[in-house]
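Structure first, commentary second.
The values are calculated or read from the model by the stated rules, or taken from the named source; none is laboratory data. It should be emphasised that the depicted structure is a prediction, and the values quoted were computed from it without experimental measurement. Counting neighbours? That spans all protein chains shown, and the Cβs are built from the backbone with ideal geometry, glycine included. Calculation scope for accessible area: heavy atoms of the full protein, side chains included, ligands and nucleic acids excluded. Shrake-Rupley method; radii C 1.70, N 1.55, O 1.52, S 1.80 Å.
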Amino acid sequence: MTKPERLPAAAARRLALAAQGYGAARPAAVRRQHLVGLAQRLGMFQIDSVNVLARAHLMPAFSRLGPYDLALFEQAAWGRRRAWFEYWGHEASLLPVACWPLLRWRMEAAASGAANGGETARFGAENPGFIAECLAELRDRGALAAAELTRAGSARGKWWGWSDGKRAMEYLFWTGQVTVSHRRGAFERVYDLPERVLPPDIVAAPAVAAEAAQRGLLRIAAAAMGVATERDLLAYWRLKPPARARVAELVEAGELLPAVVEGWKQPAFRWHAARIPRRLAAHALVSPFDPLLWERDRALRVLDFHYRIGLYTPRAQRTDGYYVLPFLHGDRIAARVDLKADRAARVLRVHAAHLEPPATEAATAHALARELGDLARWLGLERVAVARQGNLAAALAAA
């Protein structure tokens with residue numbers, strides 16, 4: 001058996017950040033291929049409806065590439081020459097179309113009842129006739145939002161206020177019988193048949209068997225994380241414990257290399273192609289829904305950074321604010337800023353700014369001020385306003 005590689009904590013941190021695309025030189029002009037390449041590198045962009053600053057799926061590209069034309073992203077996600085599709089990855093996500101065959105096993109498990117889908121699965125099992133009727137109407141009429149179904153029904157109950165039509169469409173989406181054609185209005189999903197939305201060769205490709213598909217997904221996760229524990233690898237795609245066998249298979253194949261990371265309690269694995277940069281000069285505001293922060297215990301292990309999303313925390317328990325973004329400077333988290341895009345006033349509001357030791361105040365404030373300026377311009381805002389809350393606020397306001 002190969003003797004595990006020993007990695008100092010700092011080397012593991014640089015390895016993980018570089019694997020995520022942090023620290024690389026930003027392009028002078030972001031083009032479609034940069035966005036497509038980043039999605040392939042990360043495996044997905046998580047989708048979330050929160051729009052305090054910018055929608056969750058838009059921020060990872062800004063964090064790594066800098067300001068870009070949002071129209072390029074929209075075209076890759078929902079345009080006629082789309083590069084991505086919506087489905088369940090880590091959570092609801094935009095995924096490279098090449099992942100469709102790798103996720104067919106998950107769709108088939110949902111359709112057969114083998115997957116635990118909670119209320120969605122229960123509704124599907126109890127209403128097969130109604131769901132078939134909704135699918136037939138979609139096939140006949142073309143792309144539809146749930147509210148446009150003939151028998152859409154009215155919102156009811158506590159289940160996100162969904163109508164029966166919305167529940168039916170989400171069941172069909174979960175089982176892969178429909179996909180998302182585009183979004184409109186208040187980010188509303190419009191559904192259509194996969195063969196009318198995705199590239200024909202992708203839809204026609206045979207499903208990859210579950211075990212082979214899980215190995216494929218784990219390869220993406222391992223490359224995106226650089227170094228990870230077994231739990232990290234499974235969590236990236238929400239794979240269940242039986243998929244642990246696939247991790248062992250990748251170790252046996254030499255694709256995952258055993259490692260012992262300083263300060264980590266669990267054994268780790270380094271992706272065989274991952275390289276450790278000697279230094280890393282990143283500068284990035286990191287979204288709460290960035291893959292770097294998906295798993296809080298991993299963020300603590302890799303970055304020595306304790307993080308919780310304020311908007312999901314009761315007000316009395318919030319320590320730093322409502323929508324707090326860490327600021328990555330060099331290869332460490334140097335600050336936290338509570339941000340809001342005040343679109344009516346055309347102002348990027350910094351409600352609070354806190355320095356993270358051992359970062360230095362002056363260098364952090366100046367680097368963060370530049371990044372906030374870029375963020376404001378990217379969002380179409382005219383200025384940045386810093387409130388005097390937090391131990392970095394005064395220096396940031398001056399900068």
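In the condition set (1) among the aliphatic types (A, V, I, L, M); (2) under 30 Å from residue 80 (Cβ atoms); (3) in a loop (DSSP other than H, G, I, E, B), residue 202 is compliant with all but (3). When restricted to residues that are within 30 Å of the chain's Cα centre (by Cα) and exposed (fewer than 13 other Cβ atoms within 10 Å of the Cβ), region 131-141 contains 0.
For region 262-272, the tally of residues that are open to solvent by 40 Å² or more (accessible area, probe 1.4 Å) and farther than 13 Å from residue 4 by Cα stands at 2. One residue alone among 299, 284, 259 is touching a strand residue (DSSP E or B) at 6+ places or on another chain (Cβ under 6 Å), open to solvent by less than 20 Å² (accessible area, probe 1.4 Å), small (Gly, Ala, Ser) and farther than 27 Å from residue 3 by Cβ, and that residue is 284. Of the helices (runs of 4 or more DSSP H) lying entirely inside region 92-187, those containing at least 1 residues that are closer than 27 Å to residue 291 by Cα and in contact (Cβ under 8 Å) with a residue 12 or more places away in the chain are 100-112, 118-126, 164-174. Looking across region 360-385, the residues that are touching a strand residue (DSSP E or B) at 6+ places or on another chain (Cβ under 9 Å), assigned to a helix (DSSP H, G or I) and either among the small types (Gly, Ala, Ser) or crowded, with 18+ Cβ neighbours inside 10 Å (or both) come down to 363, 364, 365, 367, 368, 369, 371, 372, 373, 375, 376. Quick check on region 302-326: of everything there that is more than 21 Å from residue 15 (Cβ to Cβ) and of a type in the set (Ser, Thr, Tyr), which residue is surrounded by the fewest Cβ atoms within 10 Å (Cβ to Cβ)? Residue satisfying both the conditions and the ranking: 312.
The numbered conditions (1) closer than 25 Å to residue 170 by Cβ; (2) of a type in the set (Asp, Glu); (3) in contact (Cβ under 8 Å) with a residue 24 or more places away in the chain are all true for residue 74 except (3). Among the residues of region 113-143, those that are under 17 Å from residue 179 (Cβ atoms) and of a type in the set (D, E, K, R) comprise 137, 139, 141.
Can we say residue 230 is surrounded by fewer than 17 Cβ atoms within 10 Å (Cβ to Cβ), free of Cβ contacts under 8 Å to residues at least 60 places away in the same chain and farther than 24 Å from residue 76 by Cα? The answer is no for residue 230. Within region 240-256, restricting attention to residues that are assigned to a loop (DSSP other than H, G, I, E, B) and of a type outside the set (A, V, I, L, M, F, W, C), the residue that is most open to solvent (accessible area, probe 1.4 Å) is 240. Tell me, please, whether a residue that is assigned to a loop (DSSP other than H, G, I, E, B), in contact with a His (Cβ under 8 Å, 6 or more places away or on another chain), modelled with pLDDT of 95 or more and within 20 Å of residue 96 (Cα to Cα) can be found in region 229-239. Yes: one or more hits. Checking each residue in region 39-71 for being more than 28 Å from residue 384 (Cα to Cα) and either touching a Leu at 6+ places or on another chain (Cβ under 8 Å) or in contact (Cβ under 8 Å) with a residue 60 or more places away in the chain (or both) picks out 39, 41, 42, 43, 44.
Only residues that are small (Gly, Ala, Ser), under 24 Å from the mean Cα position of the chain (by Cα) and surrounded by fewer than 20 Cβ atoms within 10 Å (Cβ to Cβ) were counted in region 181-206, giving 2. Counting only helices (runs of 4 or more DSSP H) that sit completely within region 1-80, those holding 3 or more residues that are over 15 Å from the mean Cα position of the chain (by Cα) correspond to 9-19, 32-42, 70-78.
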